[in-house]
Structure formats: C-alpha cells, structure tokens
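Down below is the structure, laid out as structure tokens.
Please treat every number below as a calculation from the coordinates, not as lab data. All values reported here derive from a predicted model rather than from experimental measurement. Note that we place each Cβ from the backbone using ideal geometry, even for glycine, and neighbour counts take in every protein chain shown.
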Amino acid sequence: MFYFAFRDVAFLHPTASPHPASPLSHPHSCIKFVTFLVFTLTVSFSDADGGKTGTEAAPLNNSAPNVLFIAVDDLNDWIGCLKGHPQTLTPNIDRLAASGTLFTNAHCPAPACNPSRTAIMTGIAPNESGLYDNRQKMREILPTADLMPKHFSRNGYHSLGSGKILHYFIDAASWDEYFPAKESENPFPRTLYPEQRPVNLSRGGPWQYVETDWAALDATDEEYGGDWLVSKWVSEQLLQPHQKPFFLACGIYRPHEPWFVPRPYFEKFPLDQIQLPPGYRADDLDDLPTAGRKRGPNRYFEHIQSEGQWKKGIQGYLASIAFADAMVGRVIKALESGPNVDNTIVVLWSDHGWHLGEKQHWQKFTGWRVCTRVPLIIRAPQGTPGLTTGTTAGTKCDQPVNLLSLFPTLTQLSGVPDIDKAKAPSLVPLLKDPQADWKHVSTTYLNRPEDYSISDHDWRYIHYSDGGEELYQISSDPHEWNNLATDLQHQSQLHYFRSRAPKSFHQYVPISINAMPKLKWNSITKGIAPPSKPDGQTFDCYFVNQRSEDLELFWVSPTGKPKSYGMLSPNHPKRQNTRPGAVWLVADQSGQHLGFFRVGDRGSRAIVPAVAKTKPDSKR
Ligand SMILES: [Ca+2]
Ligand SMILES: [Ca+2]
C-alpha cells in the first residue's frame, strides 16, 4: 500500500552499519550519502557547535518522506488497542495502530504538558535542561534550542503546524506556517464554550483549576470549532501536493480539560453504564512510602467524589477521547484520500497519561504507570530512507520506550541529520524488529530533580527525592497495586533500577518574574479589602511596587484583619509564600489602603501600578 515512487537518494543514519566510503560527506555532520543518482545538493547544515549557518538547506529531493506528527493532549492508555478502559471508543486511532507499529510500553519524558512537550520537541530531557514543570518557560531555559519543525525546515522541509504542540504558545520562529497565524502565539482556533460555567462540577475552592468541568454541548462539531478547525486545516494540507517534503504537526487538544464536547460523543457513554477505572483500588495507598502517599490523594478526586461526579467525570473523559479520535480520523482520512499517502510517515502520541481516581488521584503529575504510559503509534511507508521496508501493519512492540526518542527516530527515518543533543535512542531498530535486543529503560522525570520513575520491560521503579522507592512487577500487576520495594525477595531488582537511575540532574530553573501570570490589581477608593479564604497548597508570588515610594504589604486574615508582612520598596520584587484564596492588601506609608490582590491557583506576579487606575478597576 505504501511506497515511494522514487528512491534516488537515501541517507544513512550515522549509527547505521558501516558503508563503503561515501561520495559526499559534510565535515561537521557525520552524514554519509549513498547515492543511486547523485543530485547536485546545496545542503547546508548547522555547525557542529550548534550555531546556525546562514543558508537554509535545500530539499534532498522530492521523494524524501513527509512527516505527519499528531499529538493528542492528556490522553492516557484509554484507547481500544491499549485496553486501558473497557468502554473507550477509539476506532480511528485503533485503525491507525493496526496499519503500523503500536508501542505498548511507551512512556512520557515527564507527566505534565510543558516538560514533556519541551523534551519531545527539543530532544533534551528534563534532567539536562532543568525544565521540570508547567510553570517554567521553554525559551527562558532553552533560548536557542532547535525544535523538531525547525530542524526539519533547516534540512529542506516545509514545517507546518496547528493546535497545541507546545505549552500554550506556538514559538513562531520554529515554524514556516501555522494555524492560527503563528504571530498570534495562540495555538487555538475559535472554540465553543458554555456561557455559564461551571456546568457540572461546582467549584471546590480557589485551589481548583478553572477548567475542571464536563458537559455535553448542543452544537455540531463544526460549530464547536477548536480541534475540528485544527483537523480541517491539517486535512487541507494533506489533500494538496507539496513542492517540498513537509513536517506537519497536528495538535488535538481534547481530552485535555475542560471536557466539553458535542452531545453525540457523550451519548455513546450512558451514565448508568459507566465503569470505574480498572486500576482503582480503595486501599492502594497503604504500601506506599511517605512521598507516594503525599503525591497520590488530591483534592480534585475528593471533591469530585463528594459531589457525586465521579462517573460523570469518567463519562466526560470518554466522550472527549471519542471526540479526539474522530478528529484524528478526519486527518487520517484526508491523508489517505490525498496525494501524499504513499510517502508520509505518521506518528501519533500523547504527552502523558491521566488519573481518574487511581491512587486517589485525579489529574497528572505522578510517576505511576497510569500517568506515564502513553499511546505511541508509528507508521512508515515503504521506501522510507531509514526503514526501506516500511513498518509492518499490525506490529506491536512491548519494549520500554520514551517519547524523547521521537526526535532521533524521525530524523533517522526521514534521512535528516540527527541533532547533537538527542541522547535518547532511535526507535528504528524496534520498527525493523519489535523483538530486537533493546537494552534501554524509559525514564520519566517528575516535577523536581531526583523524582523520577523508570520503566523496564516487565518492571517499574519510582524514586522520590526524599529517598522513597516503589517497585512493581507490571507483568503480574499492571495497575501497580503491590509495591515490592520493601520485599526482601526483590532486592536485586531494586539494585538493578538504582544502577539505571539518571546520573545527574540539572537544578530546577526558576521562571523569571516577568513571565509569571499576573494577578489583578483591585484598587480601593472606598471600603476595605475582603478577607482571605486561603485553601490549597502554598507557592510563591512576587509583589512588585512600580510606584516611587515605599509601600506596605498586608495579609488580610479570614476575619478581615490586616497583618503586616513588611515593606515593598520601589521596583524591588518581594517574594512571598502564599496560598490560593489569600488576599494581600497594599497601603501607603500614611496607612491609606491603596488596593489588594486575590491569589489564584498558581504562583503569580502582583504588580502595584505606578499610577492608580481609579476608573476601570474600581467597579468591584
Ligand atoms: Ca498535556
Ligand atoms: Ca498499593
């Protein structure tokens, strides 16, 4: 079914088997060509030190394979072919898996959007970059790293993207083309949201992420927009012939919260038939170390249960997955009915898994398999430079792999030079032979140095920075119910995983104050600041006084009493640990109350403006 019309020039990956002296080679690139027909190539690679050369590379030739790169947000293993939940409906993803290679033991580099996507798109692991969580800014930490689309673009490709590929920004300089327009730095097209929110899940408190909610929308897919518009734009690209090979990224946002999708997707999962997550066990926490017991239970799950919304939430997730699957189906259908099908590599992945009650947890950010295991499907046509036979339909590979391998895998497959910084192994040997000898483990980095989990073929290991450890035998305990770390019988396994642990960790790189979300300044012209309603875990906020005189910062107690927390000097940011729902009052030196900030669900900056804006802010 898949083949290349021409195979004029094939690249060999630097790690491929030795080949007779090549007719062309670049002194810095270590790339060798094998030519059947030698074309005049005007290829110009990056310098070995990573510096950029002035010339953009020309395409290798017109038969270099295209790459269709599909990212689905927050999709755990609840797809039919991974059997994560018996009721899930993902016929399109399953069909794609059946037409290529499905990795059944694939894990994310990190169990959160930002560190996972940054690692995947740069090929740089969190312990190398110091980017471990969602608060950090990729371009503050990795200002010059080439993302995958840029790297392909430098090597003769046209790079296009749509939807969420990075953590809520586009990184315009990395793409030749984007929808919506890359200059907007907003990866989301128009999306329908209910006017009244929340719809189903009442707000548990100021700690709660505002998007945690679910509802069936009375709208068509087209009216809904969002991922429908992304899949439409991507499909339009796939239906056209292209001058250059393309790297086309399609970021499907559902099943990321909020779980609002058109009603027909909810109707596939009647509420009275919803089954609880197979991995849920009420007494699952008893055998965990302290750090595991802390990381498991969270307020979301407690709140959802107390509101009687657990099954509704599961329904919302299943409906959102079914919707995402339909959008993937549109894209695959467009590929298969257009002119590019025979020379396009398809890869589908999700950035991390998701808990729906397992380990008393709702959301992500943990090291357990439910949160690290992700769908990963790769389909390569015959004639792909790095895999001339193409992938074999219906192949499954159960070796432990990591999405960090996507960058070196796609470069090798496409015959594009590898990047210096990619340290993860290419998956091409496993695409050739899923049973191939594979000595690698798959490491997932949690939100701070020394917290990580490691997946092997049959076992998984979790290590916390306080020394806590967990050990699971996945072949007999796929839901990680029985922690074997303290079992004397399994000490050799424990030693083995300790020996495979990451050798070093870059320190956590803090976000600059200017990149933090901004709290609303509520100026006080009369009346008083409201009392705090502190609720949730602490984090740091930064208070910045843009006036020319010293001001005083007060925390307002739950009974409304201001308590001084010291002075705010002009333009000298003050770091203050605080909690969601806290109210911070600012007064001048005469004691006059100028205004207040109410803390939200995350660390932020609180700017006292240079000139009091009396009109617009005084409404509240
Ligand atoms: Ca995500
Ligand atoms: Ca347990």
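Residues whose amide H comes within less than 5 Å of that of Thr384, counting only those at least five positions distant or on another chain, are Gly390 (H built at 1.01 Å from N in the peptide plane).
Each listed q (0.05, 0.07, 0.10 Å⁻¹) maps to a log10 I(q)/I(0) for the chain, found by the Debye formula over equal Cα scatterers with no solvent: -0.24, -0.47, -0.94.
For the pair Asp342 and Arg448 in one chain, pulling the backbone fully straight at 0.36 nm per residue adds 33.8 nm over the alpha carbon distance.
Tell me, what is the FRET efficiency for Lys518 and Lys311 to the nearest 0.05, using R0 = 35 angstrom and their Cβ-Cβ distance as r? Working from the Cβ atoms, E equals 0.40. Each residue of segment 68-76 was assigned a 3J(HN,Hα) from its phi angle through the Karplus expression (A = 6.51, B = -1.76, C = 1.60, θ = phi - 60°), giving 9, 10, 9, 10, 10, 8, 6, 8, 7 Hz with x at Gly and Pro. Based on alpha-carbon atoms, the Kirkwood radius and the radius of gyration of segment 89-162 give Rg/Rh equal to 1.06. Taking each DSSP H run with n ≥ 4 as -39500 (n - 2.57) and averaging over every residue of the chain yields -5500 deg cm²/dmol at 222 nm. The Cα atoms of segment 246-386 give a gyration tensor whose axes a ≥ b ≥ c have a/c of 1.5 or more with a/b no greater than b/c, which makes the shape oblate. Here the peptides 312-321, 524-533, 91-100 are ranked by packing, the mean other Cβ count within 10 Å, and the order with the highest first is 312-321, 91-100, 524-533. Between Gln240 and Thr392, the FRET efficiency estimated from the beta carbon spacing at R0 = 30 angstrom works out to 0.55. Once you have a ≥ b ≥ c as the square roots of the Cα gyration tensor eigenvalues for segment 513-617, tell me rounded if a/c is under 1.5, and otherwise prolate or oblate according to whether a/b is larger than b/c. Taking the square roots of the gyration eigenvalues as a ≥ b ≥ c, segment 513-617 is rounded. 3J(HN,Hα) along segment 287-302: 9, 8, x, 3, 5, x, 5, 6, 6, x, x, 9, 5, 4, 5, 4 Hz, from the Karplus curve 6.51 cos²θ - 1.76 cosθ + 1.60 with θ = phi - 60°, whole Hz, x for Gly and Pro.
Just grab the label-to-label distance for Asp433 and Arg293, each label 7 Å out from Cα along the Cβ direction, in nm (one decimal). Each label point lies 7 Å from its Cα, and together they span 4.8 nm. The listed peptides 352-360, 291-299, ordered by packing as a protection proxy, come out as 352-360, 291-299 (highest mean of other Cβ atoms within 10 Å first). In order along segment 559-564, phi translates into HN-Hα couplings of 9, x, 8, x, 10, 5 Hz, rounded to whole numbers, per the Karplus curve 6.51 cos²θ - 1.76 cosθ + 1.60 with θ = phi - 60° and x for Gly and Pro.
Enumerate the residues in segment 501-526 having an amide nitrogen under 16 Å from the point lying 7 Å beyond the Cα of Gln592 toward its Cβ. What the label zone holds, given the 16 Å backbone N cut-off, is 523-526. Note on the chain: antiparallel DSSP beta bridges, both residues inside, total approximately 60 percent of the bridges counted. Modelled label positions at Asp458 and Lys526, each set 7 Å beyond Cα in the direction of Cβ, lie 7.7 nm from each other. Highest mean packing comes first when the peptides 562-570, 453-461, 166-174, 402-410 are listed by Cβ atoms within 10 Å, giving 402-410, 453-461, 166-174, 562-570.
For Tyr464, neighbours were defined as the other residues whose beta-carbon sits under 12 Å from its Cβ, and their charges (Lys and Arg +1, Asp and Glu -1) total -1.
According to the Cα-based calculation, Rg over Rh for segment 358-415 is 1.12, with Rh computed by the Kirkwood formula.
Hey, what's the Cα Rg ratio for segment 129-187 versus the globular rule of thumb, 2.2 N^0.38 Å?
Values: Rg = 11.7 Å, N = 59, 2.2 N^0.38 = 10.4 Å.
Relative to the 2.2 N^0.38 Å estimate, segment 129-187 comes out at 1.13.
Remark: the chain carries a charge dipole of roughly 1380 debye about the Cα centre, counting +1 on each Lys and Arg Cβ and -1 on each Asp and Glu Cβ. Extension gain for Glu183-Ser465 works out to 97.5 nm (0.36 nm per residue, less the C-alpha to C-alpha distance). Computed over segment 544-587, the alpha-carbon pair-distance distribution with 5 angstrom bins reads 6, 23, 30, 23, 12, 6, 0, each value a whole percent.
Give the calculated FRET efficiency between Leu285 and Thr538 to the nearest 0.05, with a Förster radius of 22 Å applied to their Cβ-Cβ distance. After rounding to 0.05, the efficiency reads 0.45. The Cα center of segment 560-576 and the Cα center of segment 490-559 differ in position by 15 Å. Can you bin segment 308-357 into rounded, prolate or oblate? Criterion: square roots of the alpha carbon gyration tensor eigenvalues sorted a ≥ b ≥ c, rounded for a/c under 1.5, prolate for a/b above b/c, oblate for the rest. Taking the square roots of the gyration eigenvalues as a ≥ b ≥ c, segment 308-357 is oblate.
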